[in-house]
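Single-structure report; data block below.
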Amino acid sequence: MLVVLERGKNEVAEQAARIIAGSIRRNPAIRLGLATGGTMIGVYHELARLHREEHLDFSRVVTFNLDEYLGIPPSHPQSFRSFMQHHLFAHVNIPRNSIHIPDGTLTRDYDAYCEKYERAIRDAGGIDLQLLGIGRNGHIGFNEPMSSLGSRTRTKELSAETIEDNRKSFAPGEEVPQCAVTVGIGTSLETRRILLLATGQSKADAIAKSIEGPVSASVTASALQLHRDVTFLLDEEAASLLTQKPYYRHVLDMTRKLMPERLS
Ligand code: GLP
């Protein structure tokens with residue numbers, strides 16, 4: 001695991017965008033796994049700037065989003081479809097039919113739909129670069145604590161903590177989704193490279209457990225310890241409870257010297 005310690009959330013977003021942009025330049029037909037959440041806004045903003053000002057070309061990029069709320073239409077302002085449209089898709093040239101986001105309007109045949117989503121990822125050739133955020137309880141996607149570490153795309157009941165966190169984005173009194181469709185931990189472990197971003201003090205405990213704790217379904221991001229190529233991009237607050245920071249800095253210095261392409 002490569003742990004990159006940055007000063008603040010802007011530096012985290014810029015470093016993530018640099019890695020994503022470099023990956024697109026090296027492989028213009030890259031398959032990207034995308035995530036939503038406040039942490040990603042700066043990353044998408046920077047990618048949009050690179051498209052506008054430096055001609056970063058997304059015309060052959062294929063995307064698969066991690067998750068979507070169940071029970072709200074794509075046009076709902078808080079749907080992950082709307083989030084992606086607003087923060088990224090409206091500003092870059094990804095062809096419409098290269099964009100995949102789970103359908104939150106399903107009311108039946110959930111298993112068949114989720115299998116189809118998995119198949120679409122496989123048929124596209126698998127995900128080359130997966131972007132992840134993390135919930136305060138250590139979830140990735142919407143894989144809440146005690147999700148199977150082998151899980152695949154499926155519907156998932158959200159925890160009370162996650163529902164409370166999500167409530168902030170919904171209008172006062174509005175019903176907040178209780179369930180979601182999410183790719184599984186097993187699905188994410190099959191991606192070729194993972195970038196997990198975390199900023200702010202509220203993520204410090206989840207980050208320490210994910211990187212330095214035991215692999216456990218109680219903190220589903222800890223399963224990333226089993227992945228062959230994962231990079232954590234953290235700001236000072238999110239990294240504040242890690243105990244091995246001098247070693248991570250040493251690894252980072254060596255990586256910059258020996259494998260600079262991993263950071264650009
Ligand atoms: C939701 C998403 C996750 C995301 C998390 C953190 O739960 N399903 O993919 O990582 O929010 O969001 P934020 O970046 O706003 O803290």
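The values are calculated or read from the model by the stated rules, or taken from the named source; none is laboratory data. In this text, all values refer to a predicted model and were calculated from it rather than measured experimentally. Please note: Cβ atoms are built from the backbone with ideal geometry, for glycine as well, and neighbour counts cover all protein chains shown. Surface areas here come from the heavy atoms of the whole protein model, side chains and all, with no ligands, DNA or RNA. Shrake-Rupley method; radii C 1.70, N 1.55, O 1.52, S 1.80 Å.
The table that follows gives values for the structure above.
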quantity	calculated
Pairwise FRET efficiency - Arg136 versus Asn93, Cβ, R0 = 35 Å, nearest 0.05	0.50
Accessible surface, 1.4 Å probe, highest first, among residues Glu174, Glu237	Glu237, Glu174
Cβ-Cβ FRET estimate between Arg7 and Thr107, R0 fixed at 41 Å, reported to 0.05	0.35
Full-extension gain in nm, Lys116 to Lys257, via 0.36 nm per residue minus C-alpha separation	46.5 nm
Nearest-0.05 FRET efficiency for Ser216 and Asp123, computed from C-beta distance (R0 41 Å)	0.80
Considering only the chain, percent of DSSP beta bridges that pair antiparallel, nearest 5	30
Tensor-based shape of segment 116-264 (alpha-carbon gyration tensor, a/c under 1.5 rounded, otherwise prolate or oblate)	oblate
Around Met1: net Lys/Arg minus Asp/Glu count, Cβ-Cβ under 11 Å	-1
The chain: calculated mean residue ellipticity at 222 nm from DSSP helix runs of at least 4, using -39500 (n - 2.57)	-11000 deg cm²/dmol
Euclidean distance between Cα centres, segment 71-112 to segment 1-34, Å	22
Percent RCO, i.e. relative contact order, over the chain, from Cα pairs under 8 Å lying at least 6 residues apart	26
Ratio Rg/Rh, restricted to the chain and using Cα atoms, in which Rh is the Kirkwood radius	0.94
Sum of side-chain charges, Asn10 neighbourhood, beta-carbon under 15 Å (Lys, Arg +1; Asp, Glu -1)	-3
Rg/Rh (Cα only; Kirkwood hydrodynamic radius) as it applies to segment 223-264	0.98
Those residues of segment 86-103 whose amide nitrogen sits under 15 Å from the label point placed on Arg52, 7 Å along Cα→Cβ	86-93
